[in-house]
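One structure below.
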């Protein structure tokens, strides 16, 4: 059992730093280059790994602290809804997807008034569409 | 040699004859007021949402919109600070101490009125300092070489990394993440692909706007969703405050006002400190010099005056390093630098020399934004209280929609929209482990500047690394950076010992 979050984040940074150093080392270079394209990313990756090492040591020396909680169902639900919305943004009509996002998110976040759940999603999707389409002249995804 | 000509001033003034520019300034101020007043949604998130909209706008329109929001956002954060004891932005935390106590005594209207007028005074003072100081500093900065620029960028980055979060190591690690992300794409010197993994979308690098939206907007929304049921506080019936009552209060506190404006502007100029530190320092100074009869902790108007004057005075001060050396001093100006780059402008020592007209435009726009903030803040302060009452279950998805639409506006491709969510989730996980977001963005913005100047500095000096400490200005800046980092590294253990 990890006794402090800094140990976990420190180890993650060491791994990330090592992987990034390896990947940066694979960047192509030409023999005549003095300062190659890999120079700076390698430097930053080593810096990241060193920060991780420092953090892990700090965590080992610190008093016990619990890991952050990622099991809040409301937040997990919201992440799923957001992922669906952002990843299908360009293929679904903006008005429809925004209406669905608003409805699902509002319900997840505790809105229970029927009137609110009917009016707000429709109003937000239409108003945002009109502002972006006609105010800022940005073409949002639309089927019709 | 004068960097600003009469033509520059006339050009800048002429821009404001376009009603669309004025309208966008008003829209920007209103947007800033709304984003600032909505508790938990910060000015940075507001600017990140607005920036993509400015893609197709010309310089004047884009800057009017952004500077309006930038100027008004900090004041508006005082409204929830006063009414529900929840600062709209971290810069308003000091305001909530005395402001909320005033509200509990039925004097919320007085506190909000004082906040808007003080914000206006602080803002105008800092704009005047920006106008008078920046051209001189830019002249000095013109003499800098790559060596000095590298050291300055390093100071800017480490200063933010050091004060952004609870841990210095986490701040520096966050900055390293940003720097590594900034190296993705085609190397500007050799033309080599770096860390793109064969993805065409990454050839141009990690996109800045989606990164800003992800790190500042999505992370904030997910964090806010955790305390969605935060209880509202009931206040007693409130007294109406008449504006003619303001003058005697200001005459009584004229020195405090001036002192707070100077503190805010000076702290704004320094890298990394920003409006929340300005507000706390100013508040602390006001409390330190309290007179008998002052009721600090029980609703003292001087606390509101000090905090609100200082946090808005940062707006002009923070623009000084941005427009003279091209280094953003805090995350908000990092967003603004992104907006300037989008406009094809390279902020730095050449900005005022080559685009003096645009510099003057920025000064006038910020001055006008302050006036509009005062007018709208005073006339619509009742309406702004309604923003505070927008329920989280509506606010969170609305900001998500604006973020997605804003991200889509960048290029109209799915990549940017998906990147917002991926970066946002990554940021949320980091945030849960108490990594600050600001150094990541600063690393992303300053990474190319650091790399370019490091490579140029070394190449021009036969790969001699000591040049960064042997040249006097660069050596001085590096010394300040080392002292700052060492001080902050030692401060942590000392705090633990005291506790």
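Annotations for the structure displayed:
- Going through (1) facing chain B (nearest Cβ under 7 Å); (2) closer than 19 Å to residue B:440 by Cβ; (3) modelled with pLDDT of 90 or more one by one, residue A:75 falls short only on (2).
- Consider segment B:171-207 and keep the residues that are at the interface with chain A (Cβ under 9 Å from one of its Cβ atoms), over 18 Å from residue A:23 (Cβ atoms) and over 24 Å from the mean Cα position of the chain (by Cα). The one that is surrounded by the most Cβ atoms within 10 Å (Cβ to Cβ) is B:189.
- Residue within segment B:23-37 that is surrounded by fewer than 24 Cβ atoms within 10 Å (Cβ to Cβ) and without any contact (Cβ under 8 Å) to a residue 12 or more places away in the chain present: yes
- Selection from segment A:30-57 of residues that are facing chain B (nearest Cβ under 8 Å), out of contact with any strand residue (DSSP E or B) (no Cβ under 8 Å at 6 or more places or on another chain) and crowded, with 16+ Cβ neighbours inside 10 Å: A:35, A:36, A:39, A:40, A:44, A:45, A:47, A:48, A:51, A:52, A:54, A:55
- Residue check for residue B:446: modelled with pLDDT of 90 or more and either in a helix (DSSP H, G or I) or closer than 30 Å to residue A:72 by Cβ (or both): no
- Residue, farthest from residue A:123 (Cα to Cα), within segment A:87-99, restricted to residues that are surrounded by fewer than 20 Cβ atoms within 10 Å (Cβ to Cβ) and at the interface with chain B (Cβ under 7 Å from one of its Cβ atoms): A:87
- Count of residues meeting criterion [under 24 Å from residue A:117 (Cα atoms) and more than 7 Å from chain A (Cβ to nearest Cβ)] in segment B:403-413: 1
- Test: residue in segment B:452-465 that is closer than 24 Å to residue B:177 by Cα, more than 12 Å from chain A (Cβ to nearest Cβ), assigned to a helix (DSSP H, G or I) and at pLDDT 90 or above: no
- Only residues that are over 23 Å from residue B:248 (Cα atoms) and surrounded by fewer than 19 Cβ atoms within 10 Å (Cβ to Cβ) were counted across segment B:94-130, and they come to 1.
- Index of the failed condition, residue A:80 passing every other in (1) loosely packed, with under 14 Cβ neighbours inside 10 Å; (2) more than 10 Å from every other protein chain (Cβ to nearest Cβ); (3) touching a helix residue (DSSP H, G or I) at 6+ places or on another chain (Cβ under 7 Å): (3)
- Within segment B:113-146, the residues that satisfy the criterion of being touching a residue at least 24 places away in the same chain (Cβ under 8 Å) and outside any helix (DSSP H, G or I) are B:142, B:144, B:145.
- Residue in segment B:311-326 that is on the phi > 0 side of the Ramachandran plot and either part of a helix (DSSP H, G or I) or modelled with pLDDT under 85 (or both) present: yes
- Exactly one residue out of B:409, B:400, B:375, B:369 is over 20 Å from the mean Cα position of the chain (by Cα), modelled with pLDDT of 90 or more and crowded, with 22+ Cβ neighbours inside 10 Å, and it is B:400.
- Check on residue A:8, crowded, with 16+ Cβ neighbours inside 10 Å and assigned to a helix (DSSP H, G or I): yes
- Within segment A:58-72, the set of residues being at the interface with chain B (Cβ under 7 Å from one of its Cβ atoms) and more than 30 Å from residue B:397 (Cβ to Cβ) comprises A:58 only.
- Answer residue from segment A:105-144, given it is in a helix (DSSP H, G or I) and within 7 Å of another protein chain (Cβ to nearest Cβ) and is nearest to residue B:407 (Cα to Cα) among those: A:132
- Test: residue in segment B:64-79 that is surrounded by fewer than 23 Cβ atoms within 10 Å (Cβ to Cβ), touching a helix residue (DSSP H, G or I) at 6+ places or on another chain (Cβ under 8 Å) and either at pLDDT below 90 or over 30 Å from residue B:23 (Cβ atoms) (or both): no
- Residue B:394 falls short on exactly one of the conditions (1) within 19 Å of residue A:99 (Cα to Cα); (2) within 9 Å of another protein chain (Cβ to nearest Cβ); (3) at pLDDT below 90, and that condition is (3).
- Filtered by the rule that a residue be assigned to a helix (DSSP H, G or I) and either at the interface with chain B (Cβ under 10 Å from one of its Cβ atoms) or surrounded by 14 or more Cβ atoms within 10 Å (Cβ to Cβ) (or both), segment A:12-29 gives A:12, A:13, A:14, A:16, A:17, A:18, A:20, A:21, A:23, A:24.
- Among residues that are assigned to a helix (DSSP H, G or I), in the same structural domain as residue A:99 (by TED's automatic domain parsing), over 18 Å from residue B:489 (Cα atoms) and at pLDDT 95 or above, residue A:42 is not included.
- Meets criteria (closer than 19 Å to residue B:418 by Cα, buried (at least 17 other Cβ atoms within 10 Å of the Cβ), at pLDDT 95 or above and facing chain B (nearest Cβ under 9 Å)) for residue A:102: yes
- One residue stands out among those in segment B:347-361 that are in contact with a helix residue (DSSP H, G or I) (Cβ under 8 Å, 6 or more places away or on another chain) and in a loop (DSSP other than H, G, I, E, B): the one that is modelled with the highest pLDDT, which is B:347.
- Count of segment B:424-435 residues, restricted to those that are more than 9 Å from chain A (Cβ to nearest Cβ) and surrounded by 23 or more Cβ atoms within 10 Å (Cβ to Cβ), is 1.
The values are calculated or read from the model by the stated rules, or taken from the named source; none is laboratory data. On a predicted model such as this, the values are computed, not experimentally measured, just so you know. Cβ atoms come from the backbone with ideal geometry, glycine included; neighbour counts cover every protein chain shown.
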